[in-house]
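Read the structure below first, then the notes.
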Amino acid sequence: MDILPILIDWSPYILSGVASTLGLVLTALGLGILLGLPMALGQVYGAWPVRAVVGVYVWFFRGLPILVLLFLFWFGIFPAIGLGHLSAFVVGAVVLGLRGAAYQSQIFRGAIQSVGEGQMIAARSLGMSKFTAIQSVILPQAMRIALPGWSNEYPNILTDSAVCYAIGVVELLTITSRIVTQTHMTMPVYLVAAGIFIILNYGGLKFLHGLEKRVAIPGFGTGAT
Amino acid sequence: MNDNDIVLRVEDIHKSFGGIEVLRGVSFDVRRGETKVFIGPSGTGKSTLLRCINQLTPPDRGRVWLDGEEVTNSGARINHFRQKIGMVFQNFFLFDHLTAVKNVELALLKVRGMSKAEAREKALTELRQVGMEDWAEHYPAELSGGQAQRVSIARALAMDPDVILFDEPTSALDPELTREVLEVMKKLAKNGMTMLVVTHEMGFACSVANEVLFMENGVVAEQGSPDLLLNDPRFTRMKDFIGRIDSRMSD
Amino acid sequence: MDQAVFLFDILLPALMQGLVITLQLIACSAPFGLALGIAVAVGRQYGHPAISWLCRTYVFLIKGTPLLLLLFILYFGLPSVGITLTAFMASILGFILCNGAYNAEYIRGALISIKEGQMVAARSLGMTRWQAIRSVILPQALRRAIPGLSNEFIYLIKYSSLAYMITVIELSGAGKLVATKYFTYTESFAAVGIVYLVLVSITTIAVNILEKRVAVPGTVRATPSAQL
Ligand SMILES: Nc1ncnc2c1ncn2[C@@H]1O[C@H](COP(=O)(O)OP(=O)(O)OP(=O)(O)O)[C@@H](O)[C@H]1O
Ligand SMILES: [Mg+2]
């Protein structure tokens, strides 16, 4: 039996898996920025209780394996707080996002701290409030500095998203396993799945590196001059 | 001279860092249109003094008045005063992600609330003042030190300040570039800008300063016209200091 | 059931058994992962063009593939082509392949950062190219790669949990079994999480000490303050 007809037969199913995987990744990345950036700001500019809370959050989410986090939230915490009705997809995306926020906050924090002290001093000397200075001087620079490191979160989250298989999210790996069970074409199907992940991986990275070039400023950060 | 001429009043400023008193009571008045030059050995608190004036470093004791209003203890109104007190730094501190013209525009947009068109026009006018209008669309990394410093002067000018503080504006520059920045500052002085300048450029001090304040160990040790401090035999400390830098430079 | 009885007589013993397996997985993978990383990095940087290409392709493929899928391939896929591995062996092989690829990237970065003069100096002393790589370039490069390699080691600790997905009852698997049997999900997984946190935290501290000890003078990291 040949792999090609099987692939063609199953292609809608495979595509739905790809969509689901990308859905997980994009939600997680979005949530990662949404939570990670305020966390980074809190860690750099916040009072000590804020810094402490963020520190513990980061320590917790970076210290646990993604598999354990998924189990903990899917079987334990979400049902315990009355969110047991959430779908596996939502839980998977949220957990990837919460964990992504922990990693991304540290990328943003490093970037914010690497903006020269003089930038804040100059902004304040012109009469800008601290808030305005952060918003229009520090963050535009920090985000550019953070972009290369942040881009590397994409492949990490993409490969981690496959672990959502463990809580029954119907993403690409789950679909792959189902096709394997149905067709008994074990190796070829796995290899095709690996190929799809690899394409998603490097395709996404290419896009992000293009973005880096687009927002690059002459002589600034790692951007091309 | 009446009191109305006084645009900035600095009263008995004290500042300590970690138990070491860097400023030990500094007072002076600045008349409108005046240029005062501060000179003194490294670590005597000249930069700290300038930063105490616009509260980037809040003083421990003493007061600062701008046009009769207290700048010290002004709470959130400090951002209003800082617009009126421009500052130019040794290392320029241009916003690295913005072109020259956007550097000048930013505070006009964000602090003054100007429209984009207004801000652009004003920014270009200020860049013209410092001879940088041709470089408006260049990023800081593409400018020489002298050019960057002139843009930073334009950035300060754009807020229509009552006084500009210069903290060693030419110390990071080669002699060639120093000259172009000093030319701009001379022009400002001639046009009636009020300036406080920390510098070791004695040529500039002699030709532009109305008054030179020689600082040592956190106090103003000698004070007077450049001519007086350099030629009157009663004043010795600044002359000694200048002699020391001159001999170091000729080594 | 009594909380204390559950904790001390059921959960903890199970987790300790799982922990032993986890530690075995790590101990069997880490040294080979490091060796593979070195070999791939050196092969890519100094090898024959064909070898260099092979090393690059290997890293490319592994980094693009989810580790869990790699484990599936090794455990469920290989038997279909006549190679049957135990779940434990498949896990170790997967971890080595994955860890090795990421290690190789850090080591290669470090190799590139070693100044050319080092090679020239070594060759001028009469060393062969391989001698120079082995005794001059690599020792310096490995030292520089330590922060990255330690990071990967910590990842290995966490990702060893994926072995459970191919039936190895290691730490998280042990937790899962107890959780399912006694219906104690939050408690069990929290306990599992604590064990990982302890493992990771201890390793982080150990790694920081190691980094300080082997730090080359003149490369101290500065942390600028952003307070105003
Ligand atoms: N933020 C600060 N924290 C601690 N110490 C400080 C701080 N700012 C300045 N100092 C110290 O205060 C003293 C005076 O510094 P200041 O920069 O005002 O001197 P200066 O006269 O401008 O010297 P220079 O000619 O080197 O610029 C120095 O000993 C300096 O180390
Ligand atoms: Mg100074």
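The values are calculated or read from the model by the stated rules, or taken from the named source; none is laboratory data. Model, not experiment: these values are computed from the prediction. FYI the Cβ positions are ideal-geometry reconstructions off the backbone, even for glycines, and counts take in every protein chain you see. These accessible areas exclude ligands, DNA and RNA; they are computed on the full protein's heavy atoms, side chains included. Shrake-Rupley method; radii C 1.70, N 1.55, O 1.52, S 1.80 Å.
For chain B, the share of DSSP beta bridges that are antiparallel, to the nearest 5, is 55%. Around the amide H of B:F38, modelled in the peptide plane, lie the amide H atoms of B:V197, B:V198, B:T199, B:L213, all under 5 Å away and 5 or more residues distant in sequence or on another chain.
Protection proxy ranking for B:108-116, A:57-65, C:160-168, using the average of other Cβ atoms within 10 Å per residue and placing the highest first: C:160-168, A:57-65, B:108-116. When the residues A:S114, A:S105, A:S129 are ordered by accessible surface, computed with a 1.4 Å probe over the protein chains alone, the sequence from largest down reads A:S114, A:S129, A:S105.
Counting Cβ atoms of other protein chains within 10 Å of each residue's Cβ and taking the mean over peptide C:155-168 gives 3.
Annotation: peptides C:43-49, B:232-238, ranked by per-residue average of other Cβ atoms within 10 Å with the highest first, follow the order C:43-49, B:232-238.
From its DSSP helices (H runs of at least four residues, each -39,500 (n - 2.57)), chain A gives a residue-normalised ellipticity at 222 nm of -25000 deg cm²/dmol. Overall, the accessible surface of the protein assembly as shown at a probe of 1.4 angstrom is composed of carbon and sulfur to the extent of 60 percent. Between B:A117 and C:L125, the C-beta separation translates, for a Förster distance of 51 Å, into a calculated FRET efficiency of about 0.15. Karplus-based coupling profile of region C:180-192, in residue order and whole Hz: 5, 5, 9, 6, 10, 5, 4, 4, 5, 6, 5, 5, 4, with θ = phi - 60° in 6.51 cos²θ - 1.76 cosθ + 1.60 and x standing for Gly or Pro. Put simply, the amide H of B:L8, placed in the peptide plane, has neighbours under 5 Å in B:V30, B:D67, leaving out anything fewer than 5 places away on its chain. For A:T186, the solvent-accessible surface computed with a 1.4 Å probe is close to 20 Å², ligands and nucleic acids excluded. Among A:I66, A:I107, A:I134, the largest mean-square fluctuation in a Gaussian network model of chain A (Cα springs under 10 Å) belongs to A:I134.
DSSP finds beta bridges in the protein assembly as shown, and of those with both partners inside it, around 55 percent are antiparallel.
Here's the picture: charge each Lys and Arg Cβ at +1 and each Asp and Glu Cβ at -1 in region A:3-215, and of A:P140, A:V163, A:Y190 the one pushed furthest to the positive end of that dipole is A:P140.
From the square roots a ≥ b ≥ c of the eigenvalues of the alpha-carbon gyration tensor of chain C, which class results: rounded (a/c under 1.5), prolate (a/b over b/c), or oblate? Oblate, since a/c reaches 1.5 and b/c is not below a/b. What the Cβ-Cβ distance of B:E70 and B:A221 gives, at R0 = 22 Å and to the nearest 0.05, is a FRET efficiency of 0.20. Helices from chain B with mean Kyte-Doolittle at least -0.5 and a Cα length along the axis of 15 Å or more, per DSSP H: which? Long hydrophobic helices here: B:100-110, B:145-157, B:175-190.
Region B:93-137 to region B:168-218: how many Å between their Cα centroids? Rounded to whole Å, the Cα centres lie 24 Å apart. Couplings 3J(HN,Hα) of region C:66-80, computed from phi: x, 4, 4, 5, 4, 5, 4, 4, 5, 8, 8, x, 4, x, 5 Hz, in residue order, whole Hz [Karplus 6.51 cos²θ - 1.76 cosθ + 1.60, θ = phi - 60°; x for Gly and Pro]. Per-residue shielding of A:129-138, expressed as the average number of other chain Cβ atoms within 10 Å of the residue Cβ, stands at 4.
Distance between the pseudo-spin-label points of B:D5 and A:Q135 (7 Å out from Cα toward the beta carbon): 4.4 nm. Probing with 1.4 Å while keeping every protein chain in the model, the per residue accessible area of region A:3-215 equals 39 Å². Note on the protein assembly as shown: with charges restricted to the Cβ of Lys and Arg (+1) and Asp and Glu (-1), its dipole about the Cα centre is near 1180 debye. Note on B:D134: accessible area is roughly 130 Å² with a 1.4 Å probe, heavy atoms of protein only. For a straight C-alpha distance cut-off of 17 angstrom, the aspartates and glutamates reachable from B:K15 (same-chain residues fewer than eight places away being disregarded) are B:D60, B:E216. Indicate the gyration tensor shape class of region B:1-85 (rounded, prolate or oblate), computed on the Cα atoms with a ≥ b ≥ c the square roots of the eigenvalues: a/c under 1.5 is rounded; otherwise a/b larger than b/c is prolate and the rest oblate. Oblate.
Amide H to amide H, which residues 5 or more places from B:V163 or on other chains are under 5 Å from it, using H placed in the peptide plane? Hits under the 5 Å cutoff: B:G86.
Apply the a/c threshold of 1.5 to the C-alpha gyration tensor of the protein assembly as shown and tell me whether it is rounded, prolate or oblate. Prolate. Taking every residue in C:185-193 and counting other chain Cβ atoms within 10 Å of its Cβ, the average works out to 6. By a 1.4 Å probe calculation restricted to protein chains, B:R120 has an accessible surface near 80 Å², given to the nearest 10. Contact order for region B:104-181, expressed relative to its length and based on alpha carbon pairs under 8 Å spaced 6+ residues apart, stands at 33 percent. Across region C:125-130, computed HN-Hα scalar couplings (Karplus, 6.51 cos²θ - 1.76 cosθ + 1.60, θ = phi - 60°) run 7, x, 6, 6, 4, 5 Hz from first to last residue, x flagging Gly and Pro. In the structure shown, the pairs A:K213/C:K212; A:K213/C:K158; B:K36/B:K102; B:K110/B:K186; A:K213/B:K110; B:K46/B:K84 are assessed against 24 Å; a Cα-Cα span above that value is assigned to A:K213/C:K212; A:K213/C:K158; B:K36/B:K102; B:K110/B:K186; A:K213/B:K110. By the helix-only formula, in which each DSSP H run with n ≥ 4 contributes -39500 (n - 2.57) and the sum is divided by residues, chain B has a 222 nm mean residue ellipticity of -11500 deg cm²/dmol.
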